[in-house]
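Values in this text are rule-based calculations from the coordinates and carry no lab data. Since we're looking at a predicted model, the values are computed, not measured. Here Cβ is always computed from backbone atoms with ideal geometry, including for glycine, and neighbour counts include all displayed protein chains.
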Amino acid sequence: MDHHRHRPWYSQGVITPIRRVRYFIFLRDVFILTISAFGGPQAHLTLFLKMMVEKRRYLSEKDLMELYALCQILPGPSSTQTITGIGYRIGGPKLAFLTLLVWMLPAVSLMTIAAIILSNIQEKDLSLEFTRFIQPMAVGFVFYAAYTLSVKVVNTRSGIIIMVIATIVSFLIRKPFIYPLLLLLAGVVTALKYRKHPREEKGKLSVRWGNLTLWISILVVAAITAGITQAIPARIFENFYRNGSLIFGGGQVLIPLLYTEFVNFKAYLTSEEFLTGYALVQAIPGPVFSFSAFIGSLAMRDYGVGGEVIGAFMASLGIFLPGTFLIFFMLRFWDSLKKYRVIKASLEGIVAASAGMVIAAALLLLEPIELSYLNISIVVGTALLLQFTKVPAPIIILVGLTLGILL
C-alpha cells in the first residue's frame with residue numbers, strides 16, 4: 001500500500017512512487033479527460049473523481065476536494081488549476097506545465113479554428129444568420145450560471161446585499177477597472193466579520209515567494225511592454241493576463257470582464273460574434289477559458305490566418321498562466337493560511353460579488369439581442385432545459401445550429 005497517499009497533499013511536495021515511465025499514462029489520462037469534459041468546473045470535478053481518484057488513485061478523495069476548494073477561491077480557471085495541481089503533486093512543476101498544455105490545447109485549438117472559420121465567412125460576405133438561435137441560447141447559459149452560482153454560494157444576508165450591489169454597479173459602470181475594485185471592496189467588507197469564525201490553532205506559516213514574484217513580474221512587464229510598443233499581440237497578452245489575474249469563480253465570471261473590455265471598450269469584436277463564440281465554447285469539451293482564444297483570434301483578423309493564430313496563442317497564454325503561477329504558490333502553505341479568520345471571512349464577500357457580476361453579465365448580453373417573443377423564449381427555454389433536464393449543453397447548441405442552418 002502507498003502510505004504517501006494518505007498524507008495531506010499539501011505536506012507531500014512531489015511524490016516519488018509514480019516514476020517517469022508512468023507520467024505518460026498520467027498525461028494520457030488528462031487528454032482523455034479534456035476531450036470528455038463538458039459542463040464546466042462542477043461536471044469536471046465529477047470526472048476527476050472517477051479518473052484520478054477511483055480508477056487511478058493518484059490521490060484520495062479528501063485530497064482532491066481540498067485542492068478543488070483552494071482553486072475555487074483563487075483567481076483563474078478552477079478546473080484547470082485543479083488538474084494542474086494534481087500534476088504538480090505527482091511530478092512537480094515540469095509535469096504540471098505539461099498537464100496544463102494537454103488539458104487546454106484541444107479546446108483552444110477548436111476555438112481558434114472556429115474564429116478563423118467565422119472571420120472567413122464574414123470576409124466572403126456570407127450571412128451569419130445561421131447563428132441567430134445560438135446567440136439567445138448563450139444568454140440562457142449565462143442566466144443559468146448566474147442562478148446556480150447565486151443559489152449555491154450566497155447564503156447570508158450580507159452576501160445577498162453585496163451580490164445585489166455588485167450586480168447594479170457592474171451593470172451601470174461598464175469599465176474594466178470596476179470588477180477588481182468590487183471584488184476587493186467586497187472582500188474587505190466581510191473580512192470585518194472575522195470574529196464570527198472560530199479560532200483555529202495555527203502552525204508556522206512558511207512562504208516561498210518565487211511563483212508570486214514571477215506572477216507579479218510578468219504582469220508589470222506585460223503592462224509596460226504593451227504600453228510602450230502598442231503592438232496588438234502584446235496588448236492582447238496583457239489584457240488577458242490581467243483578466244486571468246482577477247477572475248474569481250471560473251468561466252462564468254470571465255464573461256462580464258471580457259464583454260466589457262473587448263466588445264464595449266475596445267470593440268475588437270461585435271456582440272453577435274461574442275455571443276456566437278460563447279455559445280460554441282459550451283458545445284466543446286475542456287476549459288471554458290478557451291473562449292479567450294476565440295476573442296484573441298478575432299482581435300487580429302486583419303493580419304490574416306497567421307495573425308489570428310498568434311492572437312489566439314497570446315490570449316490563451318495570458319489567461320491560463322496567472323492561475324498556474326498562483327496555484328504553484330499557494331499549494332505549499334495553504335493549509336496554514338486558511339486557518340486565519342480574516343481570510344475565511346473575506347471569501348464570503350468575494351464570492352458574493354462574483355455572483356453579482358455574473359447576473360450583470362446576463363443582463364448586459366441580453367441588451368444587443370432583439371427582444372422578440374422568439375428570442376425571449378429561447379433564452380428562458382435554454383435556462384429551463386439546463387435546470388430541469390439532463391440534456392447536455394453540446395446537444396442544445398448543436399440543435400440550435402442545425403435549426404439555424406435549416407430555417
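Among T190, L257, V342, which residue has its Cα furthest toward the positive end of the charge dipole of the chain, with +1 on Lys/Arg Cβ and -1 on Asp/Glu Cβ? Going by the charge dipole, the pick is V342. Remark: relative contact order (the chain) = 31 percent; criterion is Cα-Cα distance under 8 angstrom and separation of 6 or more residues. Working ranking of peptides 239-246, 85-92 by packing, defined as the average number of other Cβ atoms within 10 Å per residue, highest first, is 239-246, 85-92.
In percent, rounded to a whole number, the relative contact order of the range 253-331 is 21, using alpha-carbon pairs under 8 Å and six or more apart. Note on L214 and E54: with the Förster distance fixed at 35 Å, the Cβ-Cβ geometry gives a FRET efficiency of about 0.50. Among S292, S78, S60, sorting on how many other beta-carbon atoms sit within 10 Å of each Cβ, with the fewest leading, yields S60, S78, S292. Axis angle, to the nearest 10 degrees, between helix 271-282 and the longest C-alpha principal axis of the chain: 50 degrees. Between K62 and E272, the modelled label-to-label distance comes to 5.6 nm, taking each label 7 Å out from Cα in the direction of the beta carbon. For the pair L384 and A223, the difference between a 0.36 nm per residue extended length and the Cα-Cα distance amounts to 53.7 nm. Modelled label positions at V151 and L192, each set 7 Å beyond Cα in the direction of Cβ, lie 3.2 nm from each other.
Working note: Karplus 6.51/-1.76/1.60 with θ = phi - 60° gives the range 343-353 the couplings 5, 4, 5, 5, 5, 4, x, 4, 5, 5, 5 Hz, where Gly and Pro are set to x. Were the residues from D302 through K175 laid out at 0.36 nm apart, the gain over their Cα-Cα distance would be 43.2 nm. Fully extending the segment from L398 to L184, taken as 0.36 nm per residue of separation minus the present Cα-Cα distance, adds 73.1 nm. The mean of 1/r over all pairs of different alpha-carbon atoms in the chain, once inverted, gives a Kirkwood hydrodynamic radius of 21.8 Å. For the chain, the longest principal axis of the alpha carbon atoms and the long axis of helix 78-123 meet at an angle near 0°. Can you give me the angle between helix 373-388 and the longest principal axis of the chain, using Cα atoms only, in degrees from 0 to 90, rounded to the nearest 10? Roughly 20 degrees, rounded to the nearest 10.
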